[in-house]
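Below is one structure, written out as structure tokens, with a few remarks after it.
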Amino acid sequence: MSIDYGEKIPNNINLANDKTLQRALEHWQPHFLDWWREMGPSDFASADVYLRTAIGVDAQGWANYGTVKMPDYRWGIFLADPFPDRSIGFGDSFGQPVWQQVPGEFRSQFRRLIVTQGDTEPASVEQQHLLGHTCPSLYDLRNLFQINVEEGRHLWAMVYLLHAYFGRDGREEAEELLARHSGDVDKPRILGTFNEPIEDWLSFLCFTYFTDRDGKFQLKSLAESSFDPLARTCRFMLTEEAHHMFVGETGLGRVVRRTLEVMKEIGTDDVEAIRRQGAVDLPLLQRYLNFWFSSSLDLFGSEVSSNAASSFANGIKGRPDETTQYQDHICADVTCELDVPDGHGGLKKEVVGMRNAMNEVLREAYVKDCEIGLKRWNMQIKRSGYAFELKLPSSRFRRAIGAWANVPTDLEGKPISHEEFERHLPGWSPSTADKAFVKSLMQRVVQPGKMAAWIAPPDRGVNNLAVDYEYVRLP
Ligand code: BYC
């Protein structure tokens, strides 16, 4: 029986005429579905969910809404439209035509980046496996599921590249993407943050705010790649990524709003009094921000990285918005100065080649982007008449990768002793008691339009529907 590929796997890669790719994907797809059933949202397979499905890359195609059962979701493969005559935008081959195939000499570097990117997508679905059980509203439950299916699609996007351009190695890597699991002792996910448990919705909102934003920066850098199919794939993924960050930013804003309402109702900012009302006190939120921000900073890799330098030199991975944000696209003889630990409890300046510092360039741009939400939430707090200010910790704080890995510092990034760090940590990062309290708040709310006590309703619903629309119909 012939399969309608456009229907089963929506795509704009002419899958119907590519027999080799069809065979590879037909082999992989049942494994993906088994993985989704086992590791995807637990217990919601028969729920009807109001989801958007990408069926094309234009405005109508990429935001196609309807009610679907998640196992029947149509995970598609899409590349953003090509830029005609696109040329290499950075590195040693600047100005030459982009590549439609992977050059042999860069094959393993590309494979490694695509596998690392691909690995994060199913990892995040695994991390969020149980969250549906404690949703604060049907609106939020639907957003969680939207993110989950799109992360599934992003996995498809990377698997497509592996199958289409990396032959047998690529097919093996695609299988491995389903074999590693978040937090697994023997076969963990590649990057640290993707092995952290996400057991409550406050963590989920921090993750979508901070970790999905790393996704934005990494995808933007890969969207500059000279390997055009990778660039176009990532460009399309970015349109979906925006919603994930929206969930984080508005979600945390709603937490702040609810806390401020409670503070107003009870006329105090006393932590215990706020907690008795079932809301999240702001110092507790700050500790969650500290944790997820510092963990996500590690995702940019080491400050000084020869991998990053060769990726830039070879036109493999650029900087976000390379064309519009930078004048010098070669960066061959430029240096920059970094603060690194001096090994004696202080810091020193180190001059490094700009190409070697590309991870840090990205991280700094990311930190600036992270500030935007905090400014907004702080405005809310200020308008309510409270002096409390949410702050991002220093990017040296609690790092596990790079020059500052395992160098104890305070929140301002001042090096301190290990003893002092351990003593202060429960005030800087969520303590066991904080986590237990947040867990106690996680009660499932599924009446349409109702919200849990710790989060305010959103300003508006999804796709112009009302907030009290039944976004998920439970069986
Ligand atoms: N944890 O030279 P170095 C997303 C490894 S998020 C553990 O410093 P390099 C999403 C590194 O792999 C975006 N290991 O770094 C968000 C290397 O190992 P090998 C994901 C780490 O190579 C939410 C070694 O340390 N996208 O999309 O310059 C939901 C030395 O590395 C970590 C990408 O990551 C860590 N945090 O760059 C869903 C883009 N950091 O190979 C999805 C693709 C580094 O020596 N990846 N290591 O064994 C890359 O661009 C680069 O691999 C990195 C690191 C930026 C990660």
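Quick notes on this structure:
- Residues of region 320-351 satisfying the condition of being open to solvent by 90 Å² or more (accessible area, probe 1.4 Å), more than 17 Å from L362 (Cα to Cα) and of a type in the set (D, E, K, R): D333, K348, K349
- Answer residue from region 397-433, given it is more than 16 Å from the ligand (Cβ to nearest atom) and of a type in the set (A, V, I, L, M) and is nearest to R275 (Cα to Cα) among those: A433
- Selection status of K187, under 10 Å from the mean Cα position of the chain (by Cα) and over 12 Å from S124 (Cβ atoms): no
- Criterion violated by A433 - all others in (1) farther than 24 Å from E303 by Cβ; (2) touching a residue at least 24 places away in the same chain (Cβ under 8 Å); (3) small (G, A, S) satisfied: (2)
- Cross-chain or 6+ apart pairs with Cβ under 6 Å, region 286-315 first and touching a residue at least 60 places away in the same chain (Cβ under 8 Å) and part of a helix (DSSP H, G or I), then more than 13 Å from the ligand (Cβ to nearest atom) and small (G, A, S): R287/S429; N290/S429; F291/S429; L297/S395; F312/G91; A313/G91
- Cβ-Cβ under 6 Å pairs, at least 6 apart or on other chains, region 219-242 side within 12 Å of E150 (Cα to Cα), far side within 11 Å of the ligand (Cβ to nearest atom) and open to solvent by 10 Å² or more (accessible area, probe 1.4 Å): E241/G215; E241/K216
- You will find that of K375, K382, K348, the residue that is assigned to a strand (DSSP E or B), basic (K, R) and free of Cβ contacts under 8 Å to residues at least 60 places away in the same chain is K348 and no other.
- Selection from region 290-346 of residues that are among the acidic types (D, E) and away from the ligand (no atom under 14 Å from the Cβ): D321, E322, D328, D333, E337, D339, D342
- Filtered by the rule that a residue be closer than 23 Å to L441 by Cα and touching a residue at least 60 places away in the same chain (Cβ under 8 Å), region 462-472 gives V467, E470, Y471, V472.
- Extreme residue, farthest from the chain's Cα centre (by Cα), among residues of region 220-259 that are of a type in the set (S, T, N, Q) and crowded, with 22+ Cβ neighbours inside 10 Å: T259
- Hits in region 101-126 - residues which are away from the ligand (no atom under 16 Å from the Cβ) and either part of a helix (DSSP H, G or I) or farther than 16 Å from G170 by Cβ (or both): G104, E105
- Residues that are crowded, with 21+ Cβ neighbours inside 10 Å and under 14 Å from L113 (Cα atoms), drawn from region 306-319: A308, S311, F312, G315, I316, K317, G318
- Residues of region 423-444 satisfying the condition of being within 17 Å of N290 (Cα to Cα) and loosely packed, with under 11 Cβ neighbours inside 10 Å: T432, A433
- Residue in region 224-241 that is away from the ligand (no atom under 13 Å from the Cβ), in contact with a Gly (Cβ under 7 Å, 6 or more places away or on another chain) and not in a helix (DSSP H, G or I) present: yes
- Scanning region 173-220 for residues that are β-branched (V, I, T) and more than 8 Å from the ligand (Cβ to nearest atom) yields V185, I198.
- Of all residue pairs spaced 6 or more apart or on separate chains, those with beta-carbon atoms under 8 Å, a first member in region 25-48 that is under 19 Å from Y160 (Cβ atoms) and open to solvent by less than 60 Å² (accessible area, probe 1.4 Å) and a second member that is in a helix (DSSP H, G or I) and charged (D, E, K, R) are W28/R171; W28/E175.
- Selection status of F78, open to solvent by less than 60 Å² (accessible area, probe 1.4 Å), over 18 Å from the mean Cα position of the chain (by Cα) and closer than 22 Å to I190 by Cβ: no
- Candidates E249, E224: the one that is more than 21 Å from L138 (Cα to Cα) and modelled with pLDDT of 95 or more is E224.
- Meets criteria (away from the ligand (no atom under 14 Å from the Cβ) and over 30 Å from R23 (Cβ atoms)) for D140: yes
The values are calculated or read from the model by the stated rules, or taken from the named source; none is laboratory data. What you are looking at is a predicted structure, and each value in this text was computed from that prediction instead of being measured. Cβ atoms come from the backbone with ideal geometry, glycine included; neighbour counts cover every protein chain shown. Ligands, DNA and RNA are stripped out before the accessible areas are found, and what is left, the full protein with its side chains, is counted by its heavy atoms. Shrake-Rupley method; radii C 1.70, N 1.55, O 1.52, S 1.80 Å.
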